[in-house]
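Colleague: I have a structure I would like to understand better, so I am pasting it below and will then ask my questions one at a time.
The values are calculated or read from the model by the stated rules, or taken from the named source; none is laboratory data. Nothing here was measured: the structure is a model prediction, and the numbers come from that model. Neighbour counts are summed over all protein chains in view; Cβ atoms, including those assigned to glycine, are modelled from backbone coordinates with ideal geometry.
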Amino acid sequence: MNWLANSAVCAVLICLSAVSGRAAPQGQRGGLGASPAVRPQELFQRAEAHLQRGQKGAALQIFQSLERDLPKSSKLELLIGTILARHECYAEAQPFFAKALAREPGLYDACYNAGLAYLRMDQPVKAVQVLGQVRPQDRERGDYRNLLGNAYWKLGDVSKAAAELQRAYLLEPDNEGYYLDAGSFFLEYYTPKAATEIFQAGLARAPDSARLHFAAAISLLVVETWDKATEHLQQALAKEPGFLPARFGLGYAYYNTGQNEKAVSTLRDYLRRSPRDHNGYYYLALTLRRMGEEENSTEVKQLLERCLELKPDFAPGYVQLAAVCNRQGDSQRAIDLLQHSLSLDPKHIPAHILLATVYRRVGNQEAAEREGRIARELQDKEKAEDNPERRQLKYVLQQVRPSE
């Protein structure tokens with residue numbers, strides 16, 4: 001989802017150039033008339049420069065001066081609001097969008113940008129309300145339906161979100177972002193077959209889209225259709241070799257299908273390109289550990305420690321490091337790591353299972369039985385819930401949705 005009003009920007013700048021030398025009313029200071037040589041375009045540029053430096057107050061002063069000294073128009077208000085929103089000053093942008101709509105009710109760009117700003121402010125109710133002001137004849141647009149669908153998605157209105165998100169790509173079938181949003185929505189509500197069908201429909205229109213190939217792979221990985229997922233990931237990388245999410249996804253797929261050598265090679269390559277992603281270190285460590293725990297123990301430990309250095313709240317990393325420590329006979333450190341893991345995620349089943357094993361090893365039978373019982377109870381509950389691996393895959397997909 002992108003901010004609208006590019007045409008309005010041009011129109012405003014053209015009309016502003018005609019009044020750039022207008023004198024300010026007598027006694028008025030600090031407005032455009034205080035320096036007739038300064039063109040409005042230059043003042044907009046100064047305001048943007050202030051916003052880039054985080055000087056919101058200085059930018060607002062310029063905008064207020066422009067409002068005071070230039071002819072009133074909905075396009076001027078829209079332009080100011082859009083500039084503020086582009087610099088993530090969403091709350092400050094809303095009054096300008098409101099003034100644009102007061103001057104020209106139903107103005108599409110103002111409604112859209114105000115709705116997008118409300119969505120970025122995590123206020124989907126207000127987003128839906130302002131989008132409802134769009135004139136009926138202007139609503140059959142892909143960007144409108146997509147934004148409205150995302151607002152309903154945040155509200156948890158499943159049926160309306162599904163209808164609007166699908167309507168978006170039907171209206172504009174060549175926009176890959178609309179397929180990505182709609183498919184991601186269906187994955188969020190664990191309907192991977194529908195998600196795959198949407199991504200495949202997108203690929204029928206855009207067969208060279210690395211992101212759609214990647215998204216299709218994720219929807220297939222969720223249901224463990226490894227071979228087809230791997231094919232899509234390989235195609236994504238063939239189309240866009242520098243597309244890092246696909247490279248990680250391919251390493252992940254190789255790991256889960258037991259193709260250890262390919263997993264190691266792909267994940268090492270991924271980490272050379274993306275050295276600050278904890279996921280790469282984690283899955284490389286798991287693969288090396290599976291290939292030979294004794295001979296690879298030093299590197300596995302280093303990889304897991306690096307993983308946790310990058311993401312200290314990553315509970316699974318502590319569990320795997322605890323497993324290495326336990327294997328090396330350091331039971332107390334293993335217990336400490338597992339307890340810390342459970343402080344981060346009390347429902348992490350592998351942590352409870354391993355902790356039960358370590359407690360049993362050190363002779364604490366009561367604690368071992370308690371942890372084993374907790375693990376069994378959590379396993380029973382998880383059968384009816386979304387699998388943590390699926391949640392991880394869907395999180396990865398969010399990173400390539402262009403509308404976010």
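Colleague: Hey, residue 343 hits all of (1) small (Gly, Ala, Ser); (2) in contact (Cβ under 8 Å) with a residue 12 or more places away in the chain; (3) surrounded by fewer than 22 Cβ atoms within 10 Å (Cβ to Cβ) but one; which does it fall short on?
Modeller: All conditions are met except number (2).
Yes or no, residue by residue, for (1) surrounded by 23 or more Cβ atoms within 10 Å (Cβ to Cβ); (2) out of contact with any Pro (no Cβ under 6 Å at 6 or more places or on another chain); (3) closer than 23 Å to residue 231 by Cβ:
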| position | (1), (2), (3) |
| --- | --- |
| 157 | no, yes, no |
| 162 | no, yes, no |
| 171 | no, yes, no |
| 178 | yes, yes, no |
| 198 | yes, yes, yes |
| 209 | no, yes, yes |
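Colleague: Considering only the stretch 192-227, state which residues are in a helix (DSSP H, G or I), of a type outside the set (A, V, I, L, M) and more than 14 Å from residue 177 (Cα to Cα).
Modeller: Quick first cut of the stretch 192-227, residues in a helix (DSSP H, G or I) only: 192-205, 210-222, 226-227.
Going one step further and asking which of them are of a type outside the set (A, V, I, L, M), we end up with 192-193, 196-197, 199-200, 202, 205, 211, 213-214, 219, 226-227.
Of everything in the stretch 192-227, those that are in a helix (DSSP H, G or I), of a type outside the set (A, V, I, L, M) and more than 14 Å from residue 177 (Cα to Cα) turn out to be 192, 193, 196, 197, 219, 226, 227.
Colleague: Does residue 359 qualify as being under 25 Å from residue 254 (Cβ atoms) and either more than 29 Å from the chain's Cα centre (by Cα) or not polar (S, T, N, Q) (or both)? Before you say what the answer is, go through the steps one by one.
Modeller: Working: under 25 Å from residue 254 (Cβ atoms): no; either more than 29 Å from the chain's Cα centre (by Cα) or not polar (S, T, N, Q) (or both): yes.
When the stated conditions are applied, residue 359 does not pass them.
Colleague: Still on this structure, please answer the following. In the stretch 74-96, how many residues are more than 18 Å from residue 45 (Cβ to Cβ) and out of contact with any helix residue (DSSP H, G or I) (no Cβ under 7 Å at 6 or more places or on another chain)?
Modeller: Here the count works out to 3.
Colleague: Counting only residues that are in a helix (DSSP H, G or I) and touching a Leu at 6+ places or on another chain (Cβ under 6 Å), which one in the stretch 77-100 is farthest from residue 135 (Cα to Cα)? Explain how you work it out, then say what you get.
Modeller: The first filter runs over the stretch 77-100 and keeps only residues in a helix (DSSP H, G or I), leaving 77-86, 90-100.
Next, from what is left, pick out any that are touching a Leu at 6+ places or on another chain (Cβ under 6 Å): 92-93, 100.
Values: 92: 25, 93: 22, 100: 15 Å.
The extreme case among them is 92.
Colleague: Please go through the stretch 255-305 and pick out each residue that is under 26 Å from the mean Cα position of the chain (by Cα) and outside any helix (DSSP H, G or I).
Modeller: Across the stretch 255-305, the qualifying residues are 274, 275, 276, 277.
Colleague: In addition: With (1) assigned by TED's automatic domain parsing to the domain that holds residue 1; (2) buried (at least 18 other Cβ atoms within 10 Å of the Cβ); (3) touching a residue at least 24 places away in the same chain (Cβ under 8 Å) as the list, and residue 131 as the residue in question, which single condition is left unmet?
Modeller: (3)
Colleague: Looking at (1) of a type outside the set (A, V, I, L, M); (2) part of a helix (DSSP H, G or I); (3) within 30 Å of residue 270 (Cβ to Cβ), find the lone condition where residue 357 falls short.
Modeller: (3)
Colleague: Sticking with this structure for a sec: Kindly evaluate residue 288 against the criterion of being more than 27 Å from residue 188 (Cα to Cα), surrounded by 13 or more Cβ atoms within 10 Å (Cβ to Cβ) and outside the structural domain of residue 187 (by TED's automatic domain parsing). Talk me through it step by step, then tell me what you get.
Modeller: Numbers: more than 27 Å from residue 188 (Cα to Cα): yes; surrounded by 13 or more Cβ atoms within 10 Å (Cβ to Cβ): yes; outside the structural domain of residue 187 (by TED's automatic domain parsing): yes.
It is true that residue 288 is more than 27 Å from residue 188 (Cα to Cα), surrounded by 13 or more Cβ atoms within 10 Å (Cβ to Cβ) and outside the structural domain of residue 187 (by TED's automatic domain parsing).
Colleague: Return yes or no: is residue 279 closer than 24 Å to residue 350 by Cβ, in contact with a Phe, Trp or Tyr (Cβ under 8 Å, 6 or more places away or on another chain), touching a residue at least 24 places away in the same chain (Cβ under 8 Å) and surrounded by fewer than 19 Cβ atoms within 10 Å (Cβ to Cβ)? I'd like the intermediate steps shown before the answer.
Modeller: Values: closer than 24 Å to residue 350 by Cβ: yes; in contact with a Phe, Trp or Tyr (Cβ under 8 Å, 6 or more places away or on another chain): yes; touching a residue at least 24 places away in the same chain (Cβ under 8 Å): yes; surrounded by fewer than 19 Cβ atoms within 10 Å (Cβ to Cβ): no.
No: the conditions fail for residue 279.
Colleague: Another one. Just one of 99, 72 is assigned by TED's automatic domain parsing to the domain that holds residue 120 and either of a type in the set (Val, Ile, Thr) or more than 18 Å from residue 3 (Cβ to Cβ) (or both); which is it? Steps first, answer last, please.
Modeller: Values: 99 fails: either of a type in the set (Val, Ile, Thr) or more than 18 Å from residue 3 (Cβ to Cβ) (or both).
Just one listed residue meets the conditions, 72.
Colleague: Looking only at the stretch 292-316, which residues are in contact with a helix residue (DSSP H, G or I) (Cβ under 6 Å, 6 or more places away or on another chain) and among the β-branched types (Val, Ile, Thr)?
Modeller: Residue satisfying the conditions is 300 alone.
Colleague: Right, next: Go through (1) surrounded by fewer than 20 Cβ atoms within 10 Å (Cβ to Cβ); (2) under 16 Å from residue 319 (Cβ atoms); (3) at pLDDT 95 or above for residue 307 and report which single condition fails.
Modeller: (1)
Colleague: Another question about this same structure. For the stretch 190-209, check the following and say yes or no: at least one residue is at pLDDT 95 or above, among the acidic types (Asp, Glu) and farther than 22 Å from residue 140 by Cβ.
Modeller: So far as the stretch 190-209 goes, yes, one or more of its residues are at pLDDT 95 or above, among the acidic types (Asp, Glu) and farther than 22 Å from residue 140 by Cβ.
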